[in-house]
Amino acid sequence: MTAADRALFDRLPRCAGLVPFTPLADGLPTPVTRLDERLWVQRDDATSTAYGGNKVRKLEFTLPVALRRGGPVLTAGGTGSHHVLAAAVHARRLGLDVEAVQFPQPATDDVARTAAAVAALDVRVTPVRSPYLMPVALAARLTALARRSPYLLWPGASTPLGCLGHVSAGLELVAAFAAVGEGEPDEIVVALGSGGSAVGLAIGVALGGWRRAAVRAVRVADRVVTNRVALAPLVSGTLALLAAAGGVRPAAPRLVIDGRWFGGGYGHPTDAGHDATDRAGAHGLALEPTYTAKAFAAALDSVEAGRQVVFVQTYAGRATVGS
Ligand SMILES: Cc1ncc(COP(=O)(O)O)c(C=O)c1O
C-alpha cells in the first residue's frame with residue numbers, strides 16, 4: 001500500500017511529496033454500495049483489517065508526524081472512544097507508545113468493549129471527570145512527558161492534516177458514483193464529533209466536482225464544543241493546506257449541522273437511534289449508540305423526505321489487535 005493508492009494523491013500528485021503520510025489503511029477505497037432506491041452506504045468500517053472505521057484515515061496523515069518525533073502519542077476521548085482505540089492500534093503498529101486522557105461516558109456494550117481493547121493495548125490512561133477538563137490534563141501530561149518528545153494527537157485527530165484523509169474519502173465517493181454512472185446524491189450523512197470526517201468529506205466532494213450534494217453532519221457532541229464557529233478554522237485550515245500543498249481551491253464546502261438527533265448528551269442512547277440500529281441490521285450494518293445510530297436515524301429521515309442519501313458507516317466494530 002503506497003501513497004499512489006490514495007484518491008487524494010491521484011487527484012493532487014504534488015501533495016504526495018509535501019504532506020506527511022504513512023500507509024495504515026489496507027481497505028481503501030472502501031466499497032460504496034446501494035441499500036435501496038434512495039440509500040447508499042460508504043463502508044468505512046472496511047478501511048483497515050487491524051481496526052477500521054473513520055479514524056485510520058486521519059491517522060495516516062497525523063501519526064507520521066509523531067513518528068518523526070519518536071516519542072509517545074498523547075491523545076484524549078471518552079472511555080469508549082474509538083479514536084483512542086484507533087490511535088493505540090495504529091500507533092503500536094508504528095512502534096509508538098500511546099497515552100490518553102479519558103472522561104466517563106454512559107456505559108454501553110460498545111463502550112465496555114472499546115475500553116477493554118484500549119486496556120489490552122497497555123495505554124496509560126489519565127482519567128478526568130468531564131470532557132471540559134481534558135485541556136488541563138493534556139497540558140499536564142505534555143509537560144510531564146516533555147523530555148520524551150511527545151506528540152499531541154488532537155482529540156479526534158481533527159486537524160487540517162487529519163482532514164486530508166476524509167478529503168480523500170470524498171474523492172473516493174465521487175469516483176464510486178461516476179464508476180456506476182450515477183449522478184450526485186442530495187446528501188452525505190455522517191456523524192459529527194470532532195468534525196474532521198464531515199469537514200474533509202464536504203471539501204473532498206467539492207474538490208471532486210460535486211456541485212449540489214451537501215454533507216449532513218449529525219451532531220453527537222455538545223453544541224458548545226461542536227458548532228459552526230468551532231468548525232470554521234478546520235475548514236479554512238484544510239483549504240489552506242490544499243492550496244499550499246496541492247495548488248487547488250475547491251468550491252466552498254456545503255456542510256449542514258443537524259442537531260436534532262443528539263438526545264440527552266454525548267454517548268446517551270436515543271429511541272430513534274435504537275430504531276435506526278434495528279433497521280441498519282436488516283441491511284447488514286452494525287451500529288453503536290454514540291455516533292452511527294444517531295447518524296443513521298438522520299439518514300433514514302432524509303430518505304423518507306425523498307432525498308438521495310449516502311450514509312457513511314464510520315463504525316468498525318471490534319479491533320483485531322488488542323481485543
Ligand atoms: C464511529 C464514529 N463515527 C463518527 C465519529 C465522528 O468523527 P469526527 O470526530 O471526525 O467528527 C467518531 C469519532 O470518534 C466515531 O468514533
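Bear in mind that the values in this text are calculations on the coordinates, not laboratory data. Just so it is clear, the model here is predicted, and its values are computed rather than measured. Neighbour counts are summed over all protein chains in view; Cβ atoms, including those assigned to glycine, are modelled from backbone coordinates with ideal geometry.
Using a simple spin-label model with pseudo-atoms 7 Å out from Cα toward Cβ, A116 and V225 lie 2.6 nm apart. Applying a DSSP loop filter and a limit of 16 other Cβ atoms within 10 Å to the GluC sites (Glu not before Pro) in segment 151-248 leaves E182. Would you look at the GNM of the chain, springs on alpha carbons closer than 10 Å, and say which of D97, D222, D186 moves the most? It is D222. When each of the peptides 59-65, 271-277 is scored by how many other beta carbons lie within 10 Å of its residues on average, the order from highest to lowest is 59-65, 271-277. Within the chain, the proportion of Cα pairs with more than 28 Å between them is 34 percent. Summarised in one figure, the compactness ratio Rg/Rh of segment 151-258, Cα atoms and Kirkwood Rh, is 0.96. Here is the size of segment 57-156 from its Cα atoms: Rg then Dmax, 12.6, 38 Å.
Taking a ≥ b ≥ c as the square roots of the eigenvalues of the Cα gyration tensor, an a/c ratio of 1.5 or more together with a/b larger than b/c marks segment 282-323 as prolate.
The trypsin sites (Lys or Arg not before Pro) of segment 95-171 that DSSP puts in a loop, and whose beta carbon has at most 14 other beta carbons within 10 Å, are R129.
Note: relative contact order over segment 142-249, using C-alpha pairs below 8 Å and six or more positions apart, is 31 percent. Distance between the pseudo-spin-label points of E37 and S236 (7 Å out from Cα toward the beta carbon): 4.5 nm. Every helix of 4 or more DSSP H residues in the chain counts as -39500 (n - 2.57), and over all residues that averages to -12500 deg cm²/dmol at 222 nm. Per the Kirkwood formula applied to alpha carbons, segment 200-306 shows a radius of gyration over Rh ratio, Rg over Rh, of 1.04. Projecting the Cα atoms of T277, F311, P253 onto the charge dipole of segment 238-323, computed from C-beta unit charges around the Cα centre, puts P253 farthest toward the positive end. For the peptides 85-94, 290-299, 114-123, 33-42, the ranking by packing is 290-299, 85-94, 114-123, 33-42, with the highest mean count of neighbouring Cβ atoms within 10 Å listed first.
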